[in-house]
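Here's the structure, in structure tokens; my notes come after.
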Amino acid sequence: TRKGMTAAQRRTLRARFMNPTTPKPERIHHGACVGADEDFHDIARSAGIPVETWPGDIPDLRAPCLGYAETHEPMPCIERNHAFVNRSHGLVVAPAGYKEARQSGTWATARYAREQGKPVYVVWPDGKLEKWP
């Protein structure tokens, strides 16, 4: 979400990625968009996880995500979302609300990941983490 994560979502992801007994991902990919991507970037960097950014082609929506391991040329948002899902083993989303929305890049990306057979995990606004069916 462009509004950024809730405090509860940030706490949940920090706890997950900073836990020394939980395996960390080799790399995190995100869309380099203002809001939740920016929050996720900071959490991953704090946890020492390399980050690969996939900026969209709308300059006003790009987040200044510094310290990335790799970045890509800007591309249209849907194409960009598909590209990073294709390079990932799964997807974590932190939506603004509690219902799947049709006009939402977050949910469109989640649906695409599910169609590709990738596991999708949702961190709800209250911080609850669950696998999305």
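The values are calculated or read from the model by the stated rules, or taken from the named source; none is laboratory data. Since the model is a prediction, treat every value here as computed from it, not as a measurement. A quick note on method: Cβ atoms are made from the backbone with ideal geometry, for glycine too, and the neighbour counts reach across all protein chains shown. Keep in mind that these areas ignore ligands, DNA and RNA; they rest on the heavy atoms of the full protein, side chains included. Shrake-Rupley method; radii C 1.70, N 1.55, O 1.52, S 1.80 Å.
For this structure, a couple of remarks:
- When we screen ALA108, ALA101 for residues that are free of Cβ contacts under 8 Å to residues at least 40 places away in the same chain, hydrophobic (A, V, I, L, M, F, W, C) and not in a loop (DSSP other than H, G, I, E, B), the only hit is ALA108.
- Summed over the range 61-82, the residues that are over 13 Å from the mean Cα position of the chain (by Cα) and more than 25 Å from ALA8 (Cα to Cα) give a count of 11.
- For PRO55, the conditions (1) closer than 20 Å to THR6 by Cα; (2) surrounded by 17 or more Cβ atoms within 10 Å (Cβ to Cβ); (3) modelled with pLDDT of 95 or more all hold with the exception of (1).
- Scanning the range 114-133 for residues that are part of a strand (DSSP E or B) and in contact (Cβ under 8 Å) with a residue 12 or more places away in the chain yields VAL120, TYR121, VAL122, VAL123, LEU129, LYS131, TRP132.
- Residue list for the range 73-104, filter: of a type outside the set (Ser, Thr, Tyr), open to solvent by 40 Å² or more (accessible area, probe 1.4 Å) and farther than 19 Å from GLU115 by Cβ: GLU73, PRO74, ALA96, LYS99
- Residue in the range 1-15 that is most open to solvent (accessible area, probe 1.4 Å), counting only those that are at pLDDT 95 or above and of a type in the set (Lys, Arg): ARG11
- Given (1) touching a Leu at 6+ places or on another chain (Cβ under 8 Å); (2) open to solvent by 60 Å² or more (accessible area, probe 1.4 Å), index of the condition THR21 fails: (1)
- Any hit, the range 42-49, residues being closer than 21 Å to ALA101 by Cα and hydrophobic (A, V, I, L, M, F, W, C): no
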